[in-house]
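Below: the structure, in structure tokens.
The values are calculated or read from the model by the stated rules, or taken from the named source; none is laboratory data. The model shown is predicted, which means the values in this text are computed figures rather than measured ones. Glycine gets a Cβ as well: all are built from the backbone with ideal geometry, and neighbour counts include every protein chain shown. To get the accessible areas, we keep the full protein, side chains included, count just its heavy atoms, and leave off ligands, DNA and RNA. Shrake-Rupley method; radii C 1.70, N 1.55, O 1.52, S 1.80 Å.
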Amino acid sequence: MTDFTEFARPHAVLDEYLREAEVAHAHLCAGQVLGVRLAMLGLEKLGIKDPRGNKEDRKRLVTFVEIDRCATDAISLVTGCRLGKRALKFRDWGKMAANFVDLGIKDVSTGKAIRIAAKESSKALASAMHPEVEGKNQQQMLAYREMAEDDLFTKQWVKVELPAEEFPGYKGERIVCADCGEGINFRREVLRDGRVLCRACSGDRYYEAL
Ligand SMILES: [Zn+2]
Ligand SMILES: [Zn+2]
């Protein structure tokens, strides 16, 4: 027999997050559902209950995301990890995956992390689960809510080396580039022929001057 109290609880939490995600992201989509569930699973595995409210929980968590799509916003929302707080790290790998790093308590870095990726097969499963629903996004929105964890995700325990300058609260010297004079934080400077340069002036440039 189904225990409806146990069944209802996680869905209530999921629904609450989805309501928030819809507001934050300006629409509800399959990516949001996937992102919310992915982040909830990551927190559950690390035993982090309230990263947005509880200070200890918040300081324990750094999240790496491997894609910049709808799910990324949802992951940020659930974990409370934001780019501006240096608790959200972006690795541009184009993969629907995130890595939840437990920094441990009392400033001792454990680097223990759980990497969770969406299974490619979940798309086909979504259309098999809801052939009556029209449109892939609608099918997936429904199916991703209901789908068993193991059908939706792969999980792997990993260790993430996080140097001091990557920690959210890192306080370091601000360096000035010898070429352009712009300030550089977080040890992003480059030493080239005895000169301290910013990445752009050292040649690692994603734009061209007009
Ligand atoms: Zn979206
Ligand atoms: Zn420079």
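Just checking, which of ALA118, ALA148 is among the small types (Gly, Ala, Ser) and either on the phi > 0 side of the Ramachandran plot or within 16 Å of the chain's Cα centre (by Cα) (or both)?
Working: ALA148 fails: either on the phi > 0 side of the Ramachandran plot or within 16 Å of the chain's Cα centre (by Cα) (or both).
Just a single option satisfies the conditions, and that option is ALA118.
Could you list all residues from the stretch 164-193 that are open to solvent by less than 70 Å² (accessible area, probe 1.4 Å) and either over 30 Å from LYS59 (Cα atoms) or in a loop (DSSP other than H, G, I, E, B) (or both)? Explain how you work it out, then say what you get.
Restricting attention to the stretch 164-193, the residues satisfying the condition of being open to solvent by less than 70 Å² (accessible area, probe 1.4 Å) are 164-170, 172, 175, 177-178, 180-181, 183-186, 189-190.
Residues satisfying the conditions are PHE167, PRO168, GLY169, TYR170, GLY172, CYS177, ALA178, CYS180, GLY181, ASN185, PHE186, GLU189.
Checking the structure you have, find out if any residue of the stretch 86-97 is farther than 18 Å from LEU142 by Cα, within 16 Å of ligand 1 (Cβ to nearest atom) and either of a type in the set (Gly, Ala, Ser) or modelled with pLDDT of 90 or more (or both).
In the first step, residues of the stretch 86-97 are kept if they are farther than 18 Å from LEU142 by Cα; the result is 86-97.
Next cut, within 16 Å of ligand 1 (Cβ to nearest atom) only: 96.
Now restrict to residues that are either of a type in the set (Gly, Ala, Ser) or modelled with pLDDT of 90 or more (or both): 96.
So far as the stretch 86-97 goes, yes, one or more of its residues are farther than 18 Å from LEU142 by Cα, within 16 Å of ligand 1 (Cβ to nearest atom) and either of a type in the set (Gly, Ala, Ser) or modelled with pLDDT of 90 or more (or both).
Name the residues in the stretch 64-84 that are assigned to a helix (DSSP H, G or I), in contact with a helix residue (DSSP H, G or I) (Cβ under 9 Å, 6 or more places away or on another chain) and of a type outside the set (A, V, I, L, M), would you?
CYS70, THR72, ASP73, SER76, THR79
One line per residue, one yes/no per condition, for (1) among the hydroxyl-bearing types (Ser, Thr, Tyr); (2) within 16 Å of ALA21 (Cβ to Cβ); (3) crowded, with 19+ Cβ neighbours inside 10 Å; (4) out of contact with any strand residue (DSSP E or B) (no Cβ under 8 Å at 6 or more places or on another chain):
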{"site": "ARG52", "(1), (2), (3), (4)": "no, yes, no, yes"}
{"site": "VAL65", "(1), (2), (3), (4)": "no, yes, yes, no"}
{"site": "ARG69", "(1), (2), (3), (4)": "no, yes, no, yes"}
{"site": "VAL78", "(1), (2), (3), (4)": "no, yes, yes, yes"}
{"site": "LEU83", "(1), (2), (3), (4)": "no, no, no, no"}
{"site": "PHE100", "(1), (2), (3), (4)": "no, no, yes, no"}
{"site": "GLY104", "(1), (2), (3), (4)": "no, no, no, no"}
{"site": "ALA113", "(1), (2), (3), (4)": "no, no, yes, no"}
{"site": "ILE116", "(1), (2), (3), (4)": "no, no, yes, no"}
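With the requirement that a residue be assigned to a loop (DSSP other than H, G, I, E, B) and either more than 14 Å from CYS177 (Cα to Cα) or near ligand 2 (Cβ under 9 Å from one of its atoms) (or both), what does the stretch 194-204 give you? Outline the logic, then answer.
Of all residues in the stretch 194-204, those assigned to a loop (DSSP other than H, G, I, E, B) come to 194, 198-204.
Across the stretch 194-204, the qualifying residues are CYS198, ARG199, ALA200, CYS201, SER202.
Regarding the stretch 38-48, can at least one residue be identified that is more than 16 Å from ligand 2 (Cβ to nearest atom), farther than 16 Å from THR154 by Cα, part of a strand (DSSP E or B) and in contact with a helix residue (DSSP H, G or I) (Cβ under 9 Å, 6 or more places away or on another chain)?
Step one: list which residues in the stretch 38-48 are more than 16 Å from ligand 2 (Cβ to nearest atom), which gives 38-48.
Now restrict to residues that are farther than 16 Å from THR154 by Cα: 47-48.
Subsequent filtering for residues that are part of a strand (DSSP E or B) retains none.
No, the stretch 38-48 contains no residue that is more than 16 Å from ligand 2 (Cβ to nearest atom), farther than 16 Å from THR154 by Cα, part of a strand (DSSP E or B) and in contact with a helix residue (DSSP H, G or I) (Cβ under 9 Å, 6 or more places away or on another chain).
When the residues of the stretch 135-158 are narrowed to those that are aliphatic (A, V, I, L, M) and in contact (Cβ under 8 Å) with a residue 60 or more places away in the chain, which ends up most open to solvent (accessible area, probe 1.4 Å)?
Of all residues in the stretch 135-158, those aliphatic (A, V, I, L, M) come to 141-143, 147-148, 152, 158.
When the remaining residues are screened for being in contact (Cβ under 8 Å) with a residue 60 or more places away in the chain, the result is 141, 152.
Details: MET141: 34, LEU152: 0 Å².
The extreme case among them is MET141.
Against the condition free of Cβ contacts under 8 Å to residues at least 40 places away in the same chain, within 19 Å of GLY169 (Cβ to Cβ) and hydroxyl-bearing (Ser, Thr, Tyr), how does THR110 come out, does it pass? Step through it out loud before you land on a result.
On the way: free of Cβ contacts under 8 Å to residues at least 40 places away in the same chain: yes; within 19 Å of GLY169 (Cβ to Cβ): yes; hydroxyl-bearing (Ser, Thr, Tyr): yes.
Taking the combined requirement at face value, the residue satisfies it.
Which of the numbered conditions does ALA126 fail, given that it passes all the others? Conditions: (1) at pLDDT 95 or above; (2) away from ligand 1 (no atom under 16 Å from the Cβ).
Condition (2) is where ALA126 drops out.
Looking at GLU132, GLU161, can you tell me which residue is assigned to a loop (DSSP other than H, G, I, E, B), open to solvent by 20 Å² or more (accessible area, probe 1.4 Å) and modelled with pLDDT of 95 or more?
Values: GLU161 fails: modelled with pLDDT of 95 or more.
Only one candidate passes the filter, namely GLU132.
Residue by residue, here is whether (1) more than 16 Å from ligand 1 (Cβ to nearest atom); (2) out of contact with any strand residue (DSSP E or B) (no Cβ under 8 Å at 6 or more places or on another chain) holds:
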residue: LYS119; (1), (2): yes, no
residue: VAL133; (1), (2): yes, yes
residue: GLN138; (1), (2): no, yes
residue: ALA148; (1), (2): yes, yes
residue: ALA164; (1), (2): yes, yes
residue: GLU182; (1), (2): yes, no
residue: VAL190; (1), (2): yes, no
residue: LEU197; (1), (2): yes, no
residue: ASP204; (1), (2): yes, no
